1. Pairs under 7 Å by beta carbon, first residue crowded, with 18+ Cβ neighbours inside 10 Å in the range 369-382, partner of a type in the set (Asp, Glu) and modelled with pLDDT under 95, six or more apart or different chains?
2. Looking at the range 105-156 only, could you name the residues that are among the hydrophobic types (A, V, I, L, M, F, W, C) and over 21 Å from Asn176 (Cβ atoms)?
3. So, in the range 46-79, how many residues would count as being touching a helix residue (DSSP H, G or I) at 6+ places or on another chain (Cβ under 9 Å), open to solvent by 20 Å² or more (accessible area, probe 1.4 Å) and closer than 17 Å to Ala132 by Cβ?
4. Out of the residues in the range 256-280 that are in contact (Cβ under 8 Å) with a residue 24 or more places away in the chain and among the acidic types (Asp, Glu), state the one that is nearest to Asn297 (Cα to Cα).
5. What are the pairs, 6+ residues apart or on separate chains, where a residue within the range 119-133 that is within 17 Å of Gly327 (Cβ to Cβ) and of a type in the set (Val, Ile, Thr) has its Cβ under 6 Å from a residue that is open to solvent by 40 Å² or more (accessible area, probe 1.4 Å) and assigned to a helix (DSSP H, G or I)?
6. Cβ-Cβ under 6 Å, sequence separation 6+ or interchain: first residue in the range 208-232 and of a type in the set (Ser, Thr, Tyr), partner crowded, with 21+ Cβ neighbours inside 10 Å and not in a loop (DSSP other than H, G, I, E, B). Which pairs?
7. Only one of (1) in a helix (DSSP H, G or I); (2) in contact (Cβ under 8 Å) with a residue 24 or more places away in the chain fails for Gln180. Which number is that?
8. What about Thr204, is it in contact (Cβ under 8 Å) with a residue 24 or more places away in the chain and either open to solvent by 30 Å² or more (accessible area, probe 1.4 Å) or not small (Gly, Ala, Ser) (or both)?
Amino acid sequence: MQACKNKVNLPLQKALNSLSMILQRFSRSLRPALLLLAMLLTLSAGAQQKYTAPALSQADSWSMILVPDPQTYNKFSRNQPLFELMTQWIAENIDFLKIKLVLCTGDLVEQNEFINPDGKVGNQPSKKQWEAAARAFGHLDAKVPYIAATGNHDYGYSSAEVRITRYNEYFPVDKNFLTQKMLREVTLNGQDIPTMENAVFEFTSPHGKKMLVLNLEFAPRDTVLAWATGVVNLPKYNDHFVIVLTHSYLNAQNEHIVTEGYKLKDRNYGAAIFEKLIKPSKNIRMVFGGHIGAPDNPKAHIAFRTDLNAAGKKVHQMVFNAQALGGGWFGNGGDGWLRILEFTAANTVKVRTFSPLFAISPITQQFAWRTEAHDQFEILLD
């Protein structure tokens, strides 16, 4: 569904275009006039733009919100309020958009255990970053369930040297009782502690569909994938629609990630996750991830592909991130972008890319939607 559409006064535009062609025949002395004319054309089009706030396209739809990697918001004190703006916007729209679940793709912080930030890469020590992440999600506590994956930056000292994390300290199972009510299965993390890093959550959609969300740690270990395989094959979950949430999965060329340069020894990236867990399954139907990006390049932050599982059902796999938009790796954190996933009664998912940050002001509302085909599309579920 296209949120906003340019409507230009066509007679005015044709007249200005004709005038432009005439002026182009004259000398260089008229170039300032031509520039002014171009500005008028732009303003004529821009003045006609109308912002449309997010809304469901069907009265019986419901939605899920996908939040990209928030590390760049949380590593700078100046950016932390922007992430809180995003989660507060979600909280304010729970009823209107019928939001039933919020998912986050991981990398909640820039460094898991870092005490002396240099002020350039970030100006917050890890403790403050974790506190900021927990505080932002706190706006959703007791209002809507949310599940956050862990990324490479959530482990080790700087980035996944070892599998130690403070995730469970700031995102314990009882942080949000609505999430806790959904918890069905759990296994041990890399520190031999049962946490929500590797866990299964169950709910029934407003359309009556039984659903599972399988949350997997960054580059899950072999034992975790074996556990996950056993869980999705339990008879009680045979008829469930399973969504896998993990951090590192697809690259920007829509390929499963084969390997990366992290020091962890026991690890599985996207290609191995697909071959060992996704492809052999009969009920995994969607996969969400994050992780990828390049400075101020939206397309480098996203990916999408569809494959078949062992039952011949389509598995729609989507990566969404935004962390290096809004000024690169040391910018504002991602321009406030998130994705609204509208689940319809017609068994489709309408994907829209929206920024509460741009939407907050009439001056910037015209930029609040990304409407290119890779940012606004519809998935047909079989």
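1. none
2. Taking the range 105-156 as the starting set, the residues that turn out to be among the hydrophobic types (A, V, I, L, M, F, W, C) are 108-109, 114-115, 121, 130, 132-134, 136-137, 140, 142, 144, 147-149.
If the condition is that a residue be among the hydrophobic types (A, V, I, L, M, F, W, C) and over 21 Å from Asn176 (Cβ atoms), then Phe114, Ile115, Val121 are the ones that fit.
3. The number of residues fulfilling the criteria is 1.
4. Among those that are in contact (Cβ under 8 Å) with a residue 24 or more places away in the chain and among the acidic types (Asp, Glu), it is Glu260.
5. none
6. Short answer, once both residue conditions are applied: Thr229/Leu277.
7. Result: Gln180 passes all but (2).
8. Values: in contact (Cβ under 8 Å) with a residue 24 or more places away in the chain: no; either open to solvent by 30 Å² or more (accessible area, probe 1.4 Å) or not small (Gly, Ala, Ser) (or both): yes.
No: the conditions fail for Thr204.
The values are calculated or read from the model by the stated rules, or taken from the named source; none is laboratory data. These numbers come from a predicted model, not from an experiment. Note: ideal-geometry Cβ built from the backbone for every residue, glycine included; neighbour counts use all protein chains shown. Note: areas computed on protein heavy atoms with side chains; ligands, DNA, RNA excluded. Shrake-Rupley method; radii C 1.70, N 1.55, O 1.52, S 1.80 Å.
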